[in-house]
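The next block holds one structure in the form of structure tokens; read it before the comments.
Only the coordinates and a few stated rules stand behind these numbers; no lab work does. Being a predicted model, the structure only gives us computed values, none of them experimental. Cβ sites come from the backbone with ideal geometry, for glycine too, and all protein chains shown count toward neighbours.
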Amino acid sequence: MAPPHHEYNPNQYLTLFLLMMFIFGLMFLFPVVLVALELANIVKPAQLLRGWRYAVITITIASAVFTPSGEPLIDGRIGGAARYLLLSRHRRRQTVT
């Protein structure tokens with residue numbers, strides 16, 4: 001029995017790479033957008049603190065959807081980075097107030 005033969009297409013690889021770079025960029029830009037919304041008094045910190053549980057669930061689901069592989073380790077790393085950024089901001093805010 002011969003192993004399956006996979007043909008790799010550079011266009012598909014480049015598209016996947018650029019899509020992943022775009023998604024990672026948006027993910028790490030999101031905390032900057034939240035800070036800008038707080039500084040513009042559009043969103044209050046108390047509103048963000050009330051919704052942190054929903055944010056964690058949304059981040060986990062989004063990381064599972066946006067990663068091309070079905071590996072839980074990769075999903076956990078992507079979602080873990082976003083959850084760390086979200087929760088570290090809330091911890092800092094709780095210690096200040």
For the Met21, Tyr84 Cβ pair and Förster radius 25 Å, calculated FRET efficiency rounded to 0.05 is 0.80
Estimated vicinal HN-Hα couplings, Hz - the range 20-27 in sequence order (Karplus 6.51, -1.76, 1.60; Gly, Pro = x): 5, 4, 5, 5, 4, x, 5, 4
For Val43, which sequence-distant residues (separation of 5 or more, or a different chain) have an amide H within less than 5 Å of its own amide H, given hydrogens modelled in the peptide plane? Glu38
Fully extended, how many nm does the chain gain between Val35 and Tyr8 (0.36 nm per residue separation, minus their Cα-Cα distance)? 5.5 nm
